[in-house]
Amino acid sequence: MKILLSVACFLLSFSGFAQDTLIKQKTRKMMGISHFRSNGIPLTKKDSLNWVIHNNDTLVPVENFPLEGPDKVRVLYEPRDEEFLEMYKQAVFGHTEELQEKSTIKVWKGPIKLFFDPSVPEAHREELLDFSEKVSSGIDSLTITEVQERAKSNFLVFYRNSDEDFDQEQRISNSRNSGYYISWNGKQQINRGVVKVNAFRVTDENHGLGLLKYHFFKALGYFHFSPKVPCKGYLSGCAVKRELTTEDLEILKYHYSYGMCKGIDMKSFDKIHRDSKRTLEEHPDAEIYLVHQN
């Protein structure tokens, strides 16, 4: 018996499975009852006659429920090994329990439009543009471009070349030589970013460029760090000269793939993987899909 499961991705919660099961040569689509209630979908008496209990969840026929459409994307779930998932969780949710309890998956929903303040050296502007092209290569849902007007941008890069220079983002501490700030909406979608480099605090120009790339990379997903990333990586916790590692790029690519629901917390993240793994162990031929709301 072939089993098709669909996990609907909704903000900050795991809403359950939609199950397509072949019974007597006829396909029946089923979805957890909590999914109907959370989306305000009325249930009829006819629906209740065909409810099914599966894994302690009540499943309801959903022949007419729009699992696909112009505002939804349905993607086959791709299992990942536990070592990678642990590294990813540390980078995204943090490596301490305190961070993990309050963190969610945050992504840039739309294109990143960079504006470079005139205070940024031309060589650094070119380096960051090359860097952004390299990190976003092969990731369709992550687009980074430069714009010439600040009003048309959503990501500002500026340098302070002296202590008297105007601070264009005071929410980034001046006690440090650099930093970044991002904001996001209620759907955990990042919509604005800033990177500041206090160049007058940095004696080595190459070090300043390294800080620019480091904070820009972290601003792509409000990333923390993982002890499992090699020390030279951007998502490691080491204070060393950094370079892009395979692990950095793999984490970023997975973060922007449709292989995981966006906006969820770590508890929901773990539940999706745990339930999917158990289903695949019980039914090796099962196909599990993630349904994303655009």
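Remarks
- Whichever residue in the range 179-225 is modelled with pLDDT of 95 or more and hydroxyl-bearing (Ser, Thr, Tyr) and, among such residues, is nearest to LEU249 (Cα to Cα): TYR214
- Residues being in a loop (DSSP other than H, G, I, E, B) and surrounded by 22 or more Cβ atoms within 10 Å (Cβ to Cβ) - total across the range 192-207: 0
- The condition of being assigned to a loop (DSSP other than H, G, I, E, B) and within 24 Å of LEU244 (Cα to Cα) does not hold for SER173.
- Across the range 230-281, the number of residues qualifying as in a loop (DSSP other than H, G, I, E, B) and in contact with a strand residue (DSSP E or B) (Cβ under 9 Å, 6 or more places away or on another chain) comes to 9.
- Odd one out for GLY210 among (1) open to solvent by 10 Å² or more (accessible area, probe 1.4 Å); (2) in a helix (DSSP H, G or I); (3) within 14 Å of ARG160 (Cα to Cα): (3)
- Verdict on LYS262 being surrounded by fewer than 20 Cβ atoms within 10 Å (Cβ to Cβ), under 24 Å from PRO79 (Cβ atoms) and either at pLDDT below 95 or in contact with a Cys (Cβ under 6 Å, 6 or more places away or on another chain) (or both): no
- Helices (runs of 4 or more DSSP H) fully within the range 22-132 that include at least 1 residues being among the β-branched types (Val, Ile, Thr), modelled with pLDDT of 60 or more and open to solvent by less than 90 Å² (accessible area, probe 1.4 Å): 33-38, 82-93.
- Hey, LEU156 touching a Ser or Thr at 6+ places or on another chain (Cβ under 8 Å) and not hydroxyl-bearing (Ser, Thr, Tyr) or not: no
- If the condition is being without any contact (Cβ under 8 Å) to a residue 40 or more places away in the chain, open to solvent by 60 Å² or more (accessible area, probe 1.4 Å) and farther than 15 Å from LEU114 by Cα, then the range 141-181 contributes ASP163, GLU164, PHE166, GLN170, ARG171, SER175, ARG176.
- Qualifying residue in the range 200-208 (condition: within 14 Å of the chain's Cα centre (by Cα), among the aromatic types (Phe, Trp, Tyr) and under 26 Å from GLU127 (Cβ atoms)): no
The values are calculated or read from the model by the stated rules, or taken from the named source; none is laboratory data. Keep in mind that what you see is a predicted model, and the values were worked out from it rather than measured. Ideal geometry is used to build each Cβ from the backbone, glycine not excepted, and the neighbour counts take in all protein chains shown. Heads up: the accessible areas ignore ligands, DNA and RNA and are worked out on the full protein's heavy atoms, side chains in. Shrake-Rupley method; radii C 1.70, N 1.55, O 1.52, S 1.80 Å.
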